[in-house]
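The values are calculated or read from the model by the stated rules, or taken from the named source; none is laboratory data. A quick note: this is a predicted structure, and the numbers were derived from the prediction, not measured. Cβ coordinates were reconstructed from backbone atoms using ideal geometry, including for glycine residues, and neighbour counts include every protein chain displayed. Accessible surface areas use protein heavy atoms only, side chains included; no ligands, DNA or RNA. Shrake-Rupley method; radii C 1.70, N 1.55, O 1.52, S 1.80 Å.
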Amino acid sequence: MSRDHAHVQEFFGARAADWDSRFPDDGPAYAAAVAELGLREGDRVLDAGCGTGRALPPLRTAVGPSGLVLGADVTPGMLQAAVRAGRDREGRLLLTDVAALPLRSRSLDAVFAAGLIAHLPDPAGNLRELARVVRPGGVLALFHPIGRRALAARQGRRVTPDDLRAEPNLRPLLARAGWRMTSYVDEDDRFLALAVRGA
C-alpha cells in the first residue's frame, strides 16, 4: 500500500464513525446526481470510493432488484459505517483499491464516484482502471455535493488553477484515461462531471 493510501485510510478512518452526521443533508444531492447517470433496470453499477455508502440507496432504486450495485472503498472504517447504517442491504461492499478492482473488464454499465478524484494517487491511471471495468458507452459520474469554491472555502483554502476538477484540467485527464466528458457543472451547491467510456 502506498503512503497515499495510508494517508487516505488514516484520514477517513478517523472520521468514519461520525461522517454521516457531519453531512446530514447531502442525501437529495446524491439522489439527483445518481438520476443523471441514466441507469436502467438491471444495470450494473459501482460506487467507487463509496465511503459510508450514501449513494447506494439511490443506485439500488435506479437499477432495481435485478441490477447489481457494488460499493468499493479502501478504508475499512467507512465500510463498517456503511454496514451500521444498513446500506450493505442495497449493494455488495468491497474493501479494495480503485487502482486494482477485482472485477472483469467491461463488466459494468456505470461508475459513480463522490469526492474520489482528489484522493487518487494516480488520477489518470486510476480513471483508466475505472474505464477498464465499464463497457463501451458506459457512464462515469464524478460528483461532490458542493462545488469547488464552496469546498475550498470549507477547507480554508483557495481554488487554484491546477485543481484537477477544473474543467480545462479534467477534460483532457478523462480523455487520456478513455473517457469523453459530456457535461460539467460546478456550482456552489454541487459538482458533477459526466463522461462516457470510449470504444
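In the set (1) modelled with pLDDT of 95 or more; (2) open to solvent by 20 Å² or more (accessible area, probe 1.4 Å), the condition left unmet by Ala118 is number (1). The set of residues from region 82-92 being surrounded by fewer than 22 Cβ atoms within 10 Å (Cβ to Cβ) and not β-branched (Val, Ile, Thr) comprises Arg84, Ala85, Gly86, Asp88, Arg89, Glu90, Arg92. Taking only pairs six or more apart or across chains, which ones have beta-carbon atoms under 7 Å, a first residue in region 107-133 that is without any contact (Cβ under 8 Å) to a residue 12 or more places away in the chain and under 20 Å from His144 (Cα atoms), and a second residue that is polar (S, T, N, Q) and surrounded by fewer than 23 Cβ atoms within 10 Å (Cβ to Cβ)? Qualifying pairs under 7 Å: none.
Listed conditions (1) in contact with a strand residue (DSSP E or B) (Cβ under 7 Å, 6 or more places away or on another chain); (2) touching a residue at least 24 places away in the same chain (Cβ under 8 Å); (3) surrounded by fewer than 20 Cβ atoms within 10 Å (Cβ to Cβ) are all met by Leu140, apart from (3). Return a yes/no flag: does region 48-63 have any residue that is open to solvent by 20 Å² or more (accessible area, probe 1.4 Å), hydroxyl-bearing (Ser, Thr, Tyr) and modelled with pLDDT of 95 or more. Yes, region 48-63 contains at least one residue that is open to solvent by 20 Å² or more (accessible area, probe 1.4 Å), hydroxyl-bearing (Ser, Thr, Tyr) and modelled with pLDDT of 95 or more.
All of Val111, Val98 fail the test of being assigned to a loop (DSSP other than H, G, I, E, B) and buried (at least 16 other Cβ atoms within 10 Å of the Cβ), apart from Val98. Taken over region 64-100, residues that are closer than 24 Å to Gly137 by Cα, touching a residue at least 40 places away in the same chain (Cβ under 8 Å) and in contact with a helix residue (DSSP H, G or I) (Cβ under 6 Å, 6 or more places away or on another chain) amount to 2. Annotation note: of Arg135, Arg106, Arg165, Arg157, the sole residue that is open to solvent by 10 Å² or more (accessible area, probe 1.4 Å), at pLDDT 95 or above and not in a strand (DSSP E or B) is Arg106.
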